[in-house]
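A.B. asks: Before anything else, here's the structure in question.
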Amino acid sequence: GVSHITIQFPLYESFKKELRKAGGEGRASDGPLGISQLVSAAAASKIVASLFTYPHEVVRTRMYIETGGHIGTFALYKKLFMERGLYRGFGANALRVVPASAVTFVSYEIVYDQLQLWYGVKQQT
């Protein structure tokens, strides 16, 4: 949902900024990041955002599939927490969404850089 993206995007940019500061791979600290660094930033931001929003997604899904019961949101949080925990299935979900997120972010960065080169906004390094 929206809350997930509002956590993930700023984290991604923050991780990229920290990776630039750290330098490495024989490049200047203000130079472009390598693909492995972009994948790392995307994966880390996705995992952290998911840690915060996964319980909400579980409850939302359960509310959608529950039929006949009239249970409130907080009561369902409590019920799920007591029955099975709010992070059950998190690992399997992460294995599905983290690679997709990494591909999306890295693809965006590559296309964005290429468009800047084509339109003369950025000089080739």
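A.B. asks: Can you give the helix-only mean residue ellipticity at 222 nm for the chain, where every DSSP H stretch with n ≥ 4 adds -39500 (n - 2.57) and the sum goes over all residues, rounded to the nearest 500 deg cm²/dmol?
C.D. replies: -26000 deg cm²/dmol
A.B. asks: Sticking with this one: Considering only GLY23, ALA94, TRP118, whose Cα is most displaced toward the positive end of the charge dipole of the chain, charges sitting on Cβ of Lys, Arg (+1) and Asp, Glu (-1)?
C.D. replies: Value computed over the given set: ALA94.
A.B. asks: With charges only on Cβ, +1 for K and R and -1 for D and E, what is the dipole size of the chain about its Cα centre, in debye, rounded to 20?
C.D. replies: 340 debye
A.B. asks: What does the charge count around ARG96 come to, taking other residues whose C-beta lies under 13 Å from its C-beta (Lys +1, Arg +1, Asp -1, Glu -1)?
C.D. replies: Details: positive: LYS46; negative: GLU57.
Neighbourhood net charge equals 0.
A.B. asks: Taking N as the number of residues in the chain, what is its alpha-carbon radius of gyration divided by 2.2 N^0.38 Å?
C.D. replies: 1.40
A.B. asks: How much length would be gained if the chain were fully extended between LEU80 and TYR119, taking 0.36 nm per residue of separation minus their Cα-Cα distance, in nm to one decimal?
C.D. replies: 8.8 nm
A.B. asks: While we're on this one: What angle, in degrees between 0 and 90 and rounded to the nearest 10, separates the Cα long axis of helix 90-118 from the longest principal axis of the Cα atoms of the chain?
C.D. replies: 30 degrees
A.B. asks: Give me the lysines in straight-line cross-link reach of LYS21: C-alpha distance below 29 Å, same-chain residues under 8 apart excluded.
C.D. replies: LYS46, LYS122
Here, each number is a calculation from the coordinates, and none is a lab measurement. The model shown is predicted, which means the values in this text are computed figures rather than measured ones. Glycine gets a Cβ as well: all are built from the backbone with ideal geometry, and neighbour counts include every protein chain shown.
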